[in-house]
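Peer 1: This is the structure I have questions about; it appears just below.
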Amino acid sequence: MIISNYHSHFKLDDGNGELHDYAEYALSQGMNIIGTSPHAPVYYENDWTMTEDGLSQYLQEVKALKKEYKERLEIYTGLEIDYLGKNGGPNDDKWNIPELDYKIGSVHSMLDPVTNSELAVDGPVEELEMLLKNRFNGNIKELVKKYFQIEEEMIAKGGFDILGHCDLIKKRNMNNRFFDENESWYKKLAAEMLDTLKGSDLIVEVNTGGISRKATKDVYPSPWMLKRCLEMNIPLTLSSDAHKPQNLNFYFKESIELLKSTGYREIYFFSNGIWHSQPI
Ligand SMILES: [Zn+2]
Ligand SMILES: [Zn+2]
């Protein structure tokens, strides 16, 4: 079986370690393909995306890395790009960078009208609480609804290949702090978002990053959503959202078992410009 991961960060964004360390770790684990996907710069100052200069440096570094590992490991150049409504997204012309092999589209934040700043849904819980209060008057259903609506907008606009952690909104919801995922209103909103994937060419990632950071018990998307993906014939790929080399294949064995028990018989990997299916 080909073991691949297309979602990883490194020292030029909010990850740790050099690209080289990721390649070495992948080899030590018998992985076949890695893709790097640091956070693309956004319109506001922050401490978690690359800078514009960092982006140029990244493209140079990964080019050299590909050369160095040519005979031993397939390496692909990606970016994780935030969808920020009118303030930017994967579909922007600026991301038509010839060196890029693929793009991940993600939603990490929403605009807070009171402070006029982007507040993360996956950052400190206080930040999510502030967003909830300032923009949604404390109404969690409205916040979740908006989150999935923003994802739907991003999906409709396209310009990317992999849908990043599509239910990231649950990251700060350990022990049902904000909502119960089993309630029908939540399931309806999440399912509606998945429905918009129909007819798109998008790959959905099964992302283990919430578990490696001890924030969630489940992968993104949750097992019940994976069932829905299967019914809709949506292709999946495995990813760890690694922020350090040692997490490159974190929880992969368990995730493959989960997919099998969900009914999946295949997953996808990207190689030489196209997505390939392989049995699991
Ligand atoms: Zn992300
Ligand atoms: Zn990421």
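Peer 1: Would you pick out the residues in the range 252-280 that are among the hydrophobic types (A, V, I, L, M, F, W, C) and either in contact (Cβ under 8 Å) with a residue 24 or more places away in the chain or touching a Pro at 6+ places or on another chain (Cβ under 6 Å) (or both)?
Peer 2: Of the residues in the range 252-280, the ones among the hydrophobic types (A, V, I, L, M, F, W, C) are 252, 256, 258-259, 267, 269-270, 274-275, 280.
Selection gives Phe252, Ile256, Leu258, Leu259, Ile267, Phe269, Phe270, Trp275, Ile280.
Peer 1: Met232 versus (1) without any contact (Cβ under 8 Å) to a residue 60 or more places away in the chain; (2) within 19 Å of the chain's Cα centre (by Cα): which is the lone unmet condition?
Peer 2: (2)
Peer 1: Are there strands (runs of 3 or more DSSP E) fully within the range 1-119 with at least 3 residues that are crowded, with 22+ Cβ neighbours inside 10 Å and among the aromatic types (Phe, Trp, Tyr)? List them. Before the answer, list the steps.
Peer 2: Working: elements: 33-36, 74-82, 102-106, 109-112.
Hits in the range 1-119: none.
Peer 1: For the range 192-280, which fully contained helices (runs of 4 or more DSSP H) count at least 2 residues that are surrounded by fewer than 18 Cβ atoms within 10 Å (Cβ to Cβ)? Break it down into steps so the answer makes sense when it comes.
Peer 2: Working: elements: 209-212, 223-231, 252-262.
Here the list reads 223-231, 252-262.
Peer 1: Report every pair of residues separated by at least 6 positions or lying on different chains whose Cβ atoms are under 8 Å apart, first residue within the range 112-128 and at negative phi, second of a type in the set (Phe, Trp, Tyr).
Peer 2: So the pair list comes out as Ser117/Tyr44; Glu118/Tyr44; Val121/Tyr147; Leu128/Phe178.
Peer 1: Pick from Leu65, Leu79, Leu59, Leu55: which is modelled with pLDDT of 95 or more, within 18 Å of the chain's Cα centre (by Cα) and under 24 Å from Ser239 (Cβ atoms)?
Peer 2: None of the others qualify; the one that does is Leu79.
Peer 1: Can you name the condition, by its number, that Ala242 falls short on among (1) under 20 Å from Ile3 (Cα atoms); (2) within 16 Å of ligand 2 (Cβ to nearest atom); (3) in contact with a Lys or Arg (Cβ under 9 Å, 6 or more places away or on another chain)?
Peer 2: (3)
The values are calculated or read from the model by the stated rules, or taken from the named source; none is laboratory data. The shown structure was predicted, so the numbers you read here are calculated from the model rather than taken from an experiment. All Cβ positions, glycine included, derive from the backbone under ideal geometry; neighbour counts span all protein chains shown.
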